[in-house]
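This report concerns only the one structure given below.
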Amino acid sequence: MKKTGKGIGIMFYGTGYGNGYPDISRAKAKIDTDGRFTISSGACEVGQGAKTSLAQIPAEILGILTKEVIFDHEDTKTTLDAGTCAASRQTYNTGNAMKMASESLKRILESKAREILNLSEEEPLVFDNHEVIVEGDPSKRISFKQIANTADVGDLEVVEIFQAVTTKMNEETGEGNPYWPYTFGACGVEVVVDTETGTLDISKAILVQDVGRAVNPKLIEGQMDGGFAMAQGYALLEDLNIVKGEIKHHNFTKYLIPTALDAVEVKKIIVEDPESSAPFGAKGIGEPVMIPVAPAILNAIYDAVGVRITEIPVTPEKLLKAIKEVG
Amino acid sequence: MKTINLKINGRKRQIEIEENERLLDIIREGFHLTGTKEGCGEGECGACSVLLNGKLVNACMIMAFQAEDSEVITIEGLGENEKLDPIQQAFIDTGAVQCGFCTPGMVLSAKALLMKNPTPTKQEIRRGISGNLCRCTGYEKIVEAVELAAKRIAETD
Ligand code: FES
Ligand code: FES
């Protein structure tokens with residue numbers, strides 16, 4: 001018999017290393033003699049989209065196009081340490097360092113422009129297409145390149161360091177501020193359980209993710225789909241089967257992960273609620289997107305067949321046995 | 001040691017092979033075409049997918065000597081000069097690439113599918129790429145990319 005059930009899972013996630021561990025990102029911003037803007041930071045592109053979304057931050061600040069940003073990343077010879085690509089921290093931590101460095105460089109460019117163009121402190125300036133322009137009087141303008149040609153070596157180069165707020169939690173009382181910021185999410189699924197075989201299909205899925213500010217919605221959707229599929233594997237398929245310290249499921253014949261045929265179409269909802277301490281409000285979502293999915297699936301199983309599964313992955317054998325036990 | 005002839009990405013080549021070398025080894029180590037990846041080495045992940053005489057194969061499961069006098073297309077052989085294959089372009093446009101490890105195999109798998117079936121349904125696309133594992137994307141944007149590529153190819157024909 002086929003039985004249908006619905007379940008939800010909700011979660012919050014603390015960004016970064018947390019619990020008092022120093023969580024630091026560095027970035028260097030500079031204008032070269034050709035007027036080109038370079039930002040360098042040791043953040044690694046591992047497929048999460050750091051290269052794309054982080055470069056959008058200085059572009060926004062300096063009024064240039066993202067593709068004009070020369071972003072030097074991950075090369076330890078040329079970049080400053082920005083910590084690991086872990087703990088969903090790069091958007092927030094390195095994003096903040098890059099924002100700070102770009103803003104400092106912008107201030108330097110502004111003051112150089114005022115000096116060269118003989119402008120008072122009050123005159124409002126705008127940045128557009130590698131130029132600093134007096135707002136309302138566009139005849140007064142100077143390009144980054146012109147500024148660079150009058151500046152001394154090293155003048156148009158600035159390093160900023162961002163350190164996340166984290167304190168050690170009091171283990172006795174549970175008090176403290178171990179993480180900042182937090183990210184929130186929810187998942188809802190509908191499953192159809194075959195009570196004769198113990199197999200189940202996810203017939204509907206919805207994933208809701210708070211992102212602070214969506215720097216790049218397409219990348220976020222990609223991470224949400226990926227997080228869901230990974231969690232689906234975690235809940236239903238993936239088992240290292242460690243026996244006496246030895247991994248028995250050491251290949252893809254035994255360690256199963258979802259294929260394109262297992263993957264379900266997930267309805268994705270991105271919630272934007274800008275985080276005040278984050279770069280343009282944006283928070284990382286690498287890990288958060290995976291967290292609420294397995295609980296939602298387990299709750300849906302309970303709703304469908306009335307059994308509480310407490311061990312994952314929920315293989316057909318396990319589910320069938322549990323169904324038989326409750327009769 | 002044995003010398004074999006084959007055509008790889010449209011070019012006639014000759015290469016010395018060891019008897020126990022796989023097609024994957026000569027592609028990567030012999031011809032330095034490192035777009036083809038080794039994920040599992042046992043025919044389970046599809047990261048090493050290439051076209052052998054127009055058919056999709058796992059290059060880790062084919063011995064090098066079996067490729068004698070054959071025609072091999074790897075990811076480097078798609079597209080013309082600076083112009084990407086429509087499938088590659090669609091992968092970029094839809095955001096179907098995350099870490100990229102599965103991507104060359106996925107693109108070739110999609111290529112093989114569209115050569116056989118230029119107007120696949122979503123489900124046919126899913127089946128067509130089901131031998132290629134992806135840990136990052138959840139496949140959704142990859143399926144979208146293949147749909148988009150099929151549409152664009154149909155429009156230009
Ligand atoms: S490396 Fe050939 S299938 Fe995995
Ligand atoms: S994009 Fe990373 S495995 Fe597919």
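Things to note:
- Under the simplified labelling scheme, the residue A:19-residue B:122 pair shows an inter-label distance of 4.2 nm, with each label point 7 Å from Cα along Cα→Cβ.
- Cα gyration tensor shape of the protein assembly as shown, rounded if a/c is under 1.5, else prolate or oblate by comparing a/b with b/c: oblate
- Against the main long axis of the alpha-carbon atoms of chain A, helix A:95-117 sits at an angle near 10°.
- Occluded residues from region A:257-272, i.e. those whose accessible area drops by 20 Å² or more once the chain is not alone (1.4 Å probe): A:257, A:258, A:259, A:260, A:261, A:263, A:265
- For residues of A:224-233, the mean tally of beta carbons on other chains within 10 Å: 4
- Qualifying trypsin sites (Lys or Arg not before Pro) in region A:237-327, where qualification requires a DSSP coil assignment and no more than 14 other C-beta atoms within 10 Å, comprise A:244, A:248, A:254, A:308.
- Global geometry of region B:56-157, whether rounded, prolate or oblate, following the gyration tensor of its Cα atoms and the 1.5 cut on a/c: prolate
- Each residue of region B:118-125 was assigned a 3J(HN,Hα) from its phi angle through the Karplus curve 6.51 cos²θ - 1.76 cosθ + 1.60 (θ = phi - 60°); the sequence is x, 10, x, 7, 3, 5, 5, 5 Hz, with glycine and proline shown as x.
- Total buried accessible area between A and B, probe 1.4 Å, nearest 100: 2000 Å².
- Over region A:221-294, volume per residue of the alpha carbon convex hull, in Å³: 127
- Under DSSP loop assignment and at most 15 Cβ neighbours within 10 Å, longest GluC sites (Glu not before Pro)-free interval of chain A: A:1-120
- What a 1.4 Å probe finds exposed on chain B is 47% carbon and sulfur by accessible area, rounded to a whole percent.
- Most fluctuating residue given options A:277, A:104, A:139, as computed from a GNM of chain A linking Cα atoms under 10 Å: A:139
- Pairs of Cα atoms nearer than 8 Å and 6+ residues apart set the relative contact order; for chain B it is 23 percent.
- Residue-normalised accessible area of the protein assembly as shown, expressed per residue, 1.4 Å probe, Å²: 49
- From the C-alpha gyration tensor of region A:47-89, square roots of 5λ in Å: 20, 13, 9
- Value of Rg to Rh for region B:2-77 (Rh from inverse mean 1/r over Cα pairs, i.e. Kirkwood): 0.91
- For region B:79-96, residues shielded by at least 20 square angstrom of accessible area compared with the chain on its own, probe 1.4 Å: B:93
- In nm, spacing of pseudo-spin labels at residue A:75 and residue A:12 (7 Å Cα→C-beta vector): 4.2
- Minimum 30 Å² accessible area buried by the other protein chains, region A:27-66 residues, probe 1.4 Å, relative to alone: A:47
- Taking one quarter of the surface of the C-alpha convex hull of region A:24-163 gives a mean projected area of 8.4 nm².
The values are calculated or read from the model by the stated rules, or taken from the named source; none is laboratory data. From a predicted model like this one, the values you see are computed outputs, not experimental measurements. For neighbour counting, all protein chains shown are included, and Cβ atoms are generated from backbone atoms with ideal geometry for every residue, glycine included. In case anyone asks, the SASA skips ligands and DNA or RNA and just uses the protein heavy atoms, side chains included. Shrake-Rupley method; radii C 1.70, N 1.55, O 1.52, S 1.80 Å.
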